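Following: one structure in structure tokens, then a few remarks.
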Amino acid sequence: MKKQFKLTGVAVIAFAALLSFSACKKQEIETSQNALPKAKLLGISASNATLTVQTLENFEVGSTSPKTAYDVSPSGSAAGDDITLNGKSWNFFDALIGNLAADKKNGSWSARIRNSGKITMQFDIATGISTVSVQHATYGTDAASQWGLWYSTNGGSSWTQSGTNITSTSTLQTQSFSLNLTGNVRLEIRKLSGASNRINFDDITVNDNGGGTDPGTNPVLTGKKFLFDASKLENAGSADWQIDADGTENVPGYQGGTSVELKAQRFPTPSYTGITASTSETYWKGAMSAWAVELVKRGELVETLPGGTAITYGNTANPQDLKNYDVYVVIEPNKLFTAAEKTAIMNFVANGGGLMMVADHTAASTAGTDANGYNPSDRDGDGYDSPRVWNDLMSNNGINNNKPFGFNVDYVDISEKPSTKVYSGTSTSANLVLNGAAGNASKLAFYNGTTATLYPTENSTVQGLFWRMSSTLGSNNGVMALISTYGSGRVAFVGDSSPSDDGTGDTNDNLFNGWSGDVPSGYTSHPALHLNASLWLAKAQ
């Protein structure tokens, strides 16, 4: 949604519209066929949602572990404790979920078992299991110990070991098992030796045995990790480009002074583990919550980079270092990235990360006005708005200052309600973004946004997706959305925050439902574009 400012400095409610881990990720491959990719994991009945590979559990529980002691209630119980993870019931006996420095893990959390403990599924996979893989390592400096994988085909009445005992050492590694079972199957991991020495387990992944099902044309890897930026005053003025916010903070205003705005925190609350197929986007409080909730429904993980948090790449002391994420989403940044931050972002993309860039309307000068009589979208009054922030990244990063992604953001203010000039060529990547697992994007509506100019001579991979109706389809000018690659990473750009605005969030801001409520967009194009782009950036489709 567009927040615009008159010459007088009085905020005017703008009409608005739609858009909107390093190596070793927690992954889940599923076939969407335009159904919810997470359908079977969520227990959805969908005839065209075929599960193939599923990260059964990655133990990423958010900010608080649901199992912090080995046996909680009753104390020392021989039956262990039942907990719920991703809506499914597990039993933990002499086991917990930890995030200590000594816990070996892929991400922030992993399971930890001691003595003769075990973790047990209390639900069945109805499509059978072909193979299972489990990541494992000894906790801290504990001595090597053995464990095994068991399965049950009769609801847990009896159990059979798969393969032989496995020895864990201090290095996190993956162990695979071949089960080739049909029908209902559940799993159990048992620690077999080593007494009080502990073993960490992570990323339990299964390949179902549904009769050799076709993985489909759009397989989706889930468990990808998305970091939504809130460190560049994305909440300034009448904006609320956050996925969730529970606190408040004073933010500079474009006319001077400050205003009280909602502040995002790292982990959205309530926990993402409570999200099901029917969860509303209002589960989280933010104008970008619809985008984030839909990613979670598709099996992805989302976090926020709060204000005051460093943007780094390769800093192991920073728990939110970009190297820990697959995609960095920045929606209308209002402050320049520092030199160190620009280096981090460029290295993140070059080494395989995905960067989602969203901008907003502007004018030739931030001291002047645009053709509609509005000031540029400099919401905090520091002389920079999002087009200038993005151009600074692409021209003053110290690594590649010559349009490294193959485009430049224009200093204009446009509205298209909507554009139907959409790419129709043979590019595999472009077609995945336009017609991928989340549906088809055939229209794009801007309510005071900006465009980009392409420079394929600087980066031949740049590809326009939507153009202004007044522009030539396939040209280098008037591009409303695009994709590009850089090094081994990927970039997507949308020139307006309106299409991803879901109309909810800070009640003091003027928000508009461009995500699903904008009639010209055709209702489905904006979510499809943003979700497909997200999955493409994460290399998940």
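Derivation of every value follows stated rules applied to the coordinates shown; laboratory data play no part. Remember, predicted model here, so these are calculated numbers, not experimental data. Heads up, the Cβs are rebuilt from the backbone with ideal geometry, glycines too, and the neighbour counts pull from every protein chain shown.
Let's test the formula: R0 of 35 Å, r as the Cβ-Cβ distance of PHE123 and THR68. What FRET efficiency results, to the nearest 0.05? The formula returns an efficiency of 0.95 here. When the C-alpha to C-alpha distance is required to be over 25 Å, the pairs from LYS285/LYS443; LYS105/LYS297; LYS104/LYS323; LYS403/LYS539; LYS105/LYS191; LYS285/LYS335 that qualify are LYS285/LYS443. Given the stretch 377-525, report the % of alpha carbon pairs whose separation exceeds 26 Å. Of the Cα pairs, 27 percent sit more than 26 Å apart.
Amide H contacts for LEU305 (H built 1.01 Å from N in the peptide plane; partners 5 or more residues away or on another chain; cut-off under 5 Å): PHE228, ASP229, ALA230. In the stretch 488-541, taking the dipole from charged Cβ atoms about the Cα centre, the farthest positive-side position among ASN508, PRO527, ALA492 is held by ALA492. Using R0 = 51 Å, the C-beta based FRET efficiency linking ALA143 and THR457 works out to 0.30. Using a basic spin-label model with each label point 7 Å from the Cα along Cα→Cβ, how many nm lie between THR169 and SER193? Distance between the two pseudo-spin positions: 1.5 nm.
Pull out a ≥ b ≥ c, the square roots of the eigenvalues of the alpha-carbon gyration tensor of the stretch 413-478, then state rounded if a/c is under 1.5, prolate if not and a/b is larger than b/c, and oblate in the remaining case. Intermediate values should be presented prior to the final figure.
Values: a/c = 1.97, a/b = 1.08, b/c = 1.82.
In terms of gyration-tensor shape, oblate.
Please sort 118-124, 441-447 by packing, taking for each peptide the average over its residues of neighbouring beta carbons within 10 angstrom, highest first.
Values: 118-124: 19.9, 441-447: 27.4.
In descending order of packing, they fall as 441-447, 118-124.
If packing is taken as the mean number of other Cβ atoms within 10 Å per residue, what is the order of 419-427, 341-349, 293-301, highest first?
Result, highest mean Cβ count within 10 Å first: 293-301, 341-349, 419-427.
For the pair THR269 and ASN351, a Förster radius of 35 Å applied to the C-beta separation gives a FRET efficiency near 0.65, rounded to the nearest 0.05.
Could you rank the peptides 272-281, 107-116, 230-239 by their average count of other C-beta atoms within 10 Å per residue, with the highest value first? Intermediate results must be reported in sequence, preceding the final value.
On the way: 272-281: 16.5, 107-116: 21.5, 230-239: 25.8.
Listed from highest to lowest mean packing, they are 230-239, 107-116, 272-281.
Computed from backbone phi with θ = phi - 60° and the Karplus coefficients 6.51, -1.76 and 1.60, the 3J(HN,Hα) list for the stretch 152-169 is 9, 10, 10, x, x, 5, 8, 10, 10, 6, 9, x, 10, 5, 10, 9, 9, 10 Hz; x is used for glycine and proline.
Between the stretch 316-330 and the stretch 141-180, the C-alpha centres lie 32 angstrom from each other.
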